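Here is the structure we will look at.
The values are calculated or read from the model by the stated rules, or taken from the named source; none is laboratory data. Keep in mind it's a predicted model, so treat the numbers as computed, not measured. Because the Cβ atoms are built from the backbone with ideal geometry, glycine has one as well, and the counts that use them run over all protein chains shown.
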Amino acid sequence: MRGLVVAALLCLGTSAHADVTKPPKLLQAQAPDYPPAALASKLTAKVKVRLHIDANGLVTAVDVIEHVGNGFDEAAVAAASQYVFEPGEIDGKPAAIVVETAINFTIEEQVDDTPEPPKPPPSNAQPKTGPPNHGGDLGRPITLEGVAMERGTRRRLAGVIVSIEELGLDVVTDEDGAFFFHGVPAGKYKVLALDDKFDRLERPVEIGKREKLEVRLWMRPKGGNLYETVVEGERETLEVTKRTLQRQQLTSVPGTFGDPIRAIQTLPGIARAPFGLGLLLIRGSNPDDTGIMVDGHEVPSLFHFLGGPSIFNAEMLESIDLYPGGFPARFGRHHGGIVSLELRSTASDGVHGSAKVDFIDAGGYVRAPITKDLSIAVAGRRSYIDAFLGFVLPDAGKGATRIVTPVYYDYSARADYNLHGDGRASIFAIGSSDTLHVLDKDPDQMVSTNLNSAIKFFRVIGDYTRSFGGDLKLTMSPAWGRDTIAFSGAQAEATGPFTSIAVVNSSLSYRMRLHGRLDEHLVIDTGIDVLSRITTYQALIPLGDNPIVPSGADLSPSQLFRGAQSLGVGLHGDIGIDVTDKLRLVPGLRVDGYILNGIDRSAIDPRLVARYKLTPEWTAKAYVGRFSQPPQPEALDRRFGNPKVGIEKAEHYGLGYEWRPDRLWSLDSEIYYVHRHNLVVFTNDLIQNGDGTYTYLNFKNTGIHDSYGFEAILKREISAHLYGWLTYTYSHSDQQMEPGEVIVPTAFDQPHVLNAVASWKPGGGWELGGRFQLASGRPDTPTLGGTYDADTGTYVKLAGDKRSIRVPDFEQLDVRVAHAWLFDTWSIEAYLDVINTTYAKNVEAYQYDYRFRQRSPVTSFPILPTLGVKGTW
Amino acid sequence: MKALLLIGLAACGSFQDPNIVLDLRIIGAEATLPEQLVDVDLTMPPDATAILPQIQPSTICALVSEPNVDERLHYEMTLCPFSADERCNSDLPKVVLASGVIEDPDTATPEPQMCATIEPDGNLLGVLLAELDGDPLQGLAGIDVEMQIVVGPEGGDPAQNVYGSKIMRVSPRIPATRTGNQNPSIDRLDAVVGHVAIDTDPPPVTLAFGRCVDQPAPLEVAPGTVVRITPVESADAHETYVVPTLDGHTQTLVESVAYEWLGGNGHFAGGTSGGPRDFAGNPAPLFTDWRAPTTQVASDHPLAGPTDVPIWVIQRDERFGVHWYESCIRVVP
């Protein structure tokens, strides 16, 4: 029996935003002494420790994360304190980095039923010095070399201890997973590979005379499919409230169809969207009041049409940050919230990818290095609803034809180039298309329809980042985009459309940002944010400019051409001032100037954030700030809008705390109040001109929204086997569209929203996940009856007080079960995602009979299982 | 897309067919003069003595059916300013112009009438002025006065009352060539019995007007037969009219005429027909296909014998012009 001590890196790095360009590399390890009493009692242990490594690679402190006693803790700390690393680098510069590792104390029984291997000659004794991934007599040729790789992903594994048991030789793989043994004599050996996160691997090898043997050690993650290492670290915090989901959390939340954007709907501050739609309803705001940013550039669209999946491939994303309020000055032009998508670097140690198939679409992703400094990734997806829709649609009838072809697809690509000391550059492009073609011919009804609609989206974003020394970074990022929405309707035999609409939106934006630490007490984040947009409208539609003709008039379509231009230039700055070692104040200012359809507007938005560290675990926080949102340039159109419409305003107030007892657990809670005013609302008001003619006002700045509430999230970050969060939101939001009008709850107001999400990998390749939602019902207006309108033949609803009742509360349990099979070079995962497992009949709304006497609930998802398969290599 | 499919599944309710009259219903209402024009200077305060003499009395009548039971009905017709819910519930002026009791509307002979006449008097003037008071267009688009119609079983629970409304519009004569709207009309209803396809259909027959009780020998068809019914419009059914625009000009339009189809049993393939062209440019067909019932109304029991099924056609233009036609088809098992 002998005590075996194994140390393996669990995680290292810093945040996803302060990129670790080079991880620390273990140069010298000191084997701990197995506590004699524990060894005698055959006690084993695993001691998790956190190593603080300075910029010189020396361990300055060792924290025991979980105390196990029996002398193991002390032995682990004593040994780990002696480790020496080659310094890690952040953005190309040596930097202090925190690393977590586990030191395993295990006991191995000596097995003597194998033939005695040849004894090494005395000269083969392992030298005392040398790179840790080289073993044996370094003065002799390499006779055994290899690479430790993760099964299923072919990821090269650093920090794996590789032993030739019979010779007593140990090495630790380098960052490329490589190891080398020198001067191993011919013979049969057992090569042992050990790492805390992987199953123990034992592989027999036979080395011939005068021969060099190369091996690959395929390491199987414990449990068959561990979550990828969580990347967590210190980061300059200028924002007060930010909730982040990492890539692994974006695709495995049950009930979201693996959709990364829908996953953030489980966070606090976001009300439940009806029918599982992807609306972002943040703190009582309208969905349009929330900005969606991709690497700082705004995008207008997140989802494929009609509640389809997100346009963004989760593999392309590193993380998604949700700022429900009080967001930093670098985000502007919105007064609701901000959702910021951070793209994933394509840097790769080889060609990797994935392919996914479910019953509605299929897609794939590939990431590959092109040269040492250049790497790329591409992704794509296409639906095939069109292939089977014809089988489920009702028969068109004898002699009739009906063809319905809905197709969506998306694609994205990114290239990264490492300029080393001159920084990094990347370019990212994404596009999507949603088209629907309907051809319907029914000679018996004497009608035919040829309908075409298309929604297309394209963005290309460039990025250049370089360090200005220390922690200061400059980022310059241009972007260009084009969005198209088109519709046309015609008879099947017609040569041109009878009605049509085409809206083309071209945008050009540029951001320059300087951010980082200036000195011991100051952190800055400042820059400029420019957005230019040109929108053209072409339509062939019936247009009437008279107030008399009611619906039903047969107006001939006429051509309409309109255009809208906007230019917005924003200057922003946040300065983090460490007033004391506990108090950080972040005053911020954003100044925006706009030219909207030739009319200038401006906004000055001061903000202030304070964070006070009560204890190492507890932090109090508060914020107050103003936020502005320009009207859409179309709203200033002289014919269809109101050139006098001004900027919408909001003030955000918040007070809360954060509790982080350790790396895994956190509690974040706050109360907030948001006052939105000068909101642009539609109106039918008319104004009489001096010449006696009339003009519709169309829009005015009279809307007011007020929202207050309390939010809390208890979160467990990703560890090897588990992640999850429990969130609760209490909120109340009401609105008044113009002075004197009754104040009513907003359309999606939900006082109580609770979400519980958990995902667990118990081992054996299984993953089990669950998501439970409980939310108050939306406001509704009671229906008291109907009145027959003899002039239209329809019934007019007799309504009670507006939004004075609510639909029933919503509850839903979603479950996800997945199993992964690992092969040496690839893996495959099959998953079953069951939405509404308990078949709860949640009422989203009511539909009424033609005369408003009877009603029937419109329920959300019935129980819905989705099967899918995903392959990864 | 996935969500849409599911919502579609989840939203399937089962309600009564709105085109089959099963209980007390207001079938239609028409005004003898749906629109009246007055010569008035909109820039000046309204002059009652100038307006009222230009208005003619207009009689509004309602067509009601109660196929479920034979009973007497009470009714009340109230004049008030137009409101969004088309009830006379506001604090604005209102006046009851007619009320009373009628015999069973489906079986009584002669057919009972349920009418009220809007006279050019102080009642109408009060309603007009009240509505004009809040009109930003100062009457340019016309003033809509509403006739609320309330009908219920005689002596019955008021909760069983049904409500309807009919508009009469009073408009300024702008431009000077403008003429008031007239109710549309049709010459006859053509019926193709046993419709299968246009090119193989037998020649149509004329569907006689009148209630079932008034028709000794209505058209007979077998259960399940498809009858294509087409209104043959009068030559002047589609009026050409001129309206002012907000920018001080005028616009000339041609009426589109729509049809609502109601019956006592069976099923209409299209509950409405006619009207404006659709977004693809298809002129809306005027006909509907009615499938004769095989069972008694609202039950699974087969027809016990020859059954008379009332058919109603409500013809409308988009300017409050309404006219209704009653007919009957006998289904013989």
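Taking the condition of being modelled with pLDDT under 95 and hydroxyl-bearing (Ser, Thr, Tyr), how many residues in region A:595-614 meet it?
0
Does region A:849-870 hold any residues that are closer than 22 Å to A:Phe810 by Cα, facing chain B (nearest Cβ under 7 Å) and among the polar types (S, T, N, Q), and which are they? So that I can check it myself, show each step before the final result.
Of all residues in region A:849-870, those closer than 22 Å to A:Phe810 by Cα come to A:855-866.
Applying the additional criterion that residues be facing chain B (nearest Cβ under 7 Å) yields A:856, A:858-862, A:864.
Within region A:849-870, A:Ser856, A:Thr859, A:Ser860 qualify.
For residues in region A:253-299 being of a type in the set (Asp, Glu) and buried (at least 22 other Cβ atoms within 10 Å of the Cβ), which is farthest from the other protein chains (Cβ to nearest Cβ)?
Taking the candidates together, the pick is A:Asp289.
Could you run through region B:261-273 and say how many residues are at pLDDT below 95 and either surrounded by 19 or more Cβ atoms within 10 Å (Cβ to Cβ) or within 7 Å of another protein chain (Cβ to nearest Cβ) (or both)?
0
Working only within region A:623-645, note down all residues that are surrounded by fewer than 19 Cβ atoms within 10 Å (Cβ to Cβ) and either under 26 Å from the mean Cα position of the chain (by Cα) or farther than 21 Å from A:Gly563 by Cβ (or both).
Listed by number, the residues that qualify are A:Val624, A:Arg626.
Hey, can you tell me all the residues within region A:452-486 that are within 14 Å of another protein chain (Cβ to nearest Cβ) and crowded, with 19+ Cβ neighbours inside 10 Å?
Correct list: A:Ile455 only.
Filter region A:471-491 down to the residues that are without any contact (Cβ under 8 Å) to a residue 60 or more places away in the chain and assigned to a loop (DSSP other than H, G, I, E, B) and list them by number.
A:Leu472, A:Gln491
Inspect region A:336-347 for any residue being more than 21 Å from the chain's Cα centre (by Cα) and surrounded by 17 or more Cβ atoms within 10 Å (Cβ to Cβ) and give the result as yes or no. Can you show your working first?
Within region A:336-347, the subset more than 21 Å from the chain's Cα centre (by Cα) is none.
Checked region A:336-347: no residue is more than 21 Å from the chain's Cα centre (by Cα) and surrounded by 17 or more Cβ atoms within 10 Å (Cβ to Cβ).
Across region A:738-792, what is the total count of residues that are of a type in the set (A, V, I, L, M, F, W, C) and under 30 Å from B:Phe320 (Cβ atoms)?
Residues flagged as of a type in the set (A, V, I, L, M, F, W, C) and under 30 Å from B:Phe320 (Cβ atoms) within region A:738-792 amount to 2.
Residue by residue through region A:824-842, note down the ones that are of a type outside the set (S, T, N, Q), within 29 Å of the chain's Cα centre (by Cα) and within 10 Å of chain B (Cβ to nearest Cβ).
A:Ile835, the sole residue that qualifies.
Could you list all residues from region B:296-333 that are touching a residue at least 24 places away in the same chain (Cβ under 8 Å), of a type in the set (Ser, Thr, Tyr) and farther than 30 Å from B:Glu239 by Cα?
B:Thr307
When B:Thr240 is evaluated against the numbered criteria (1) more than 9 Å from every other protein chain (Cβ to nearest Cβ); (2) within 19 Å of the chain's Cα centre (by Cα), which criterion, by number, is the only one it fails?
Failed condition: (2).
Taking the options A:Thr792, A:Thr787, name whichever one is among the hydroxyl-bearing types (Ser, Thr, Tyr), within 14 Å of chain B (Cβ to nearest Cβ) and part of a loop (DSSP other than H, G, I, E, B).
Going through A:Thr792, A:Thr787 in turn, just one is among the hydroxyl-bearing types (Ser, Thr, Tyr), within 14 Å of chain B (Cβ to nearest Cβ) and part of a loop (DSSP other than H, G, I, E, B): A:Thr792.
Would you check which residues across region A:492-512 are touching a Lys or Arg at 6+ places or on another chain (Cβ under 9 Å) and either surrounded by 19 or more Cβ atoms within 10 Å (Cβ to Cβ) or of a type in the set (A, V, I, L, M) (or both) and list them?
Those that are touching a Lys or Arg at 6+ places or on another chain (Cβ under 9 Å) and either surrounded by 19 or more Cβ atoms within 10 Å (Cβ to Cβ) or of a type in the set (A, V, I, L, M) (or both): A:Ala492, A:Phe498, A:Val504, A:Ser507, A:Leu508, A:Ser509, A:Arg511.
Is at least one residue of region B:175-188 within 29 Å of B:Arg319 (Cβ to Cβ), facing another protein chain (nearest Cβ under 10 Å) and outside any loop (DSSP other than H, G, I, E, B)?
Within region B:175-188, not a single residue is within 29 Å of B:Arg319 (Cβ to Cβ), facing another protein chain (nearest Cβ under 10 Å) and outside any loop (DSSP other than H, G, I, E, B).
Conditions: (1) under 30 Å from A:Asn698 (Cβ atoms); (2) touching a residue at least 60 places away in the same chain (Cβ under 8 Å); (3) among the hydrophobic types (A, V, I, L, M, F, W, C). B:Ile186 meets all but one. Number of the miss?
The one condition B:Ile186 does not meet is (1).
What are the residues in region B:227-241 that are assigned to a strand (DSSP E or B) and buried (at least 18 other Cβ atoms within 10 Å of the Cβ), if any?
Listed by number, the residues that qualify are B:Val227, B:Arg228, B:Ile229, B:Thr230, B:Pro231, B:Glu233, B:Tyr241.
Quick one: in region A:189-247, which of the residues that are among the small types (Gly, Ala, Ser) and at pLDDT below 70 is farthest from A:Ala830 (Cα to Cα)?
The selected residue is A:Gly233.
Yes/no per residue for (1) in contact with a strand residue (DSSP E or B) (Cβ under 7 Å, 6 or more places away or on another chain); (2) within 30 Å of A:Ile713 (Cβ to Cβ):
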| position | (1), (2) |
| --- | --- |
| A:Ile338 | yes, yes |
| A:Asp361 | yes, no |
| A:Val366 | yes, no |
| A:Ala387 | no, no |
| A:Asp395 | no, no |
| A:Gly423 | yes, no |
| A:Thr435 | yes, no |
| A:Leu439 | yes, no |
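Select from region B:33-54 the residues that are touching a Lys or Arg at 6+ places or on another chain (Cβ under 7 Å) and within 14 Å of chain A (Cβ to nearest Cβ) and write down the one among them that is surrounded by the fewest Cβ atoms within 10 Å (Cβ to Cβ).
B:Leu37
Taking region B:104-119 only, how many residues are within 27 Å of B:Val309 (Cβ to Cβ) and either out of contact with any helix residue (DSSP H, G or I) (no Cβ under 6 Å at 6 or more places or on another chain) or crowded, with 16+ Cβ neighbours inside 10 Å (or both)? Spell out the reasoning first.
Residues of region B:104-119 within 27 Å of B:Val309 (Cβ to Cβ): B:104-115.
From the residues that got through so far, the ones that are either out of contact with any helix residue (DSSP H, G or I) (no Cβ under 6 Å at 6 or more places or on another chain) or crowded, with 16+ Cβ neighbours inside 10 Å (or both) too are B:104-106, B:108-115.
Going through region B:104-119 one residue at a time, the tally reaches 11.
Is region A:565-583 home to any residue that is modelled with pLDDT under 95, of a type in the set (Gly, Ala, Ser), in contact with a strand residue (DSSP E or B) (Cβ under 9 Å, 6 or more places away or on another chain) and farther than 28 Å from A:His515 by Cα?
no
What strands (runs of 3 or more DSSP E) completely inside region A:349-423 contain at least 3 residues that are within 14 Å of chain B (Cβ to nearest Cβ) and surrounded by fewer than 19 Cβ atoms within 10 Å (Cβ to Cβ)?
A:401-418
Residues in region A:722-736 that are out of contact with any helix residue (DSSP H, G or I) (no Cβ under 7 Å at 6 or more places or on another chain) and at pLDDT below 95: how many?
Qualifying residue count, region A:722-736: 3.
One line per residue, one yes/no per condition, for (1) at pLDDT 95 or above; (2) of a type in the set (A, V, I, L, M); (3) closer than 24 Å to A:Leu583 by Cβ:
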site	(1), (2), (3)
A:Arg626	yes, no, yes
A:Gln629	yes, no, no
A:Gln632	no, no, no
A:Leu636	no, yes, no
A:Val645	no, yes, no
A:Ala650	yes, yes, no
A:Asp662	no, no, yes
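Going residue by residue through region B:199-220, is there one that turns out to be surrounded by fewer than 16 Cβ atoms within 10 Å (Cβ to Cβ), within 14 Å of chain A (Cβ to nearest Cβ) and assigned to a loop (DSSP other than H, G, I, E, B)?
yes
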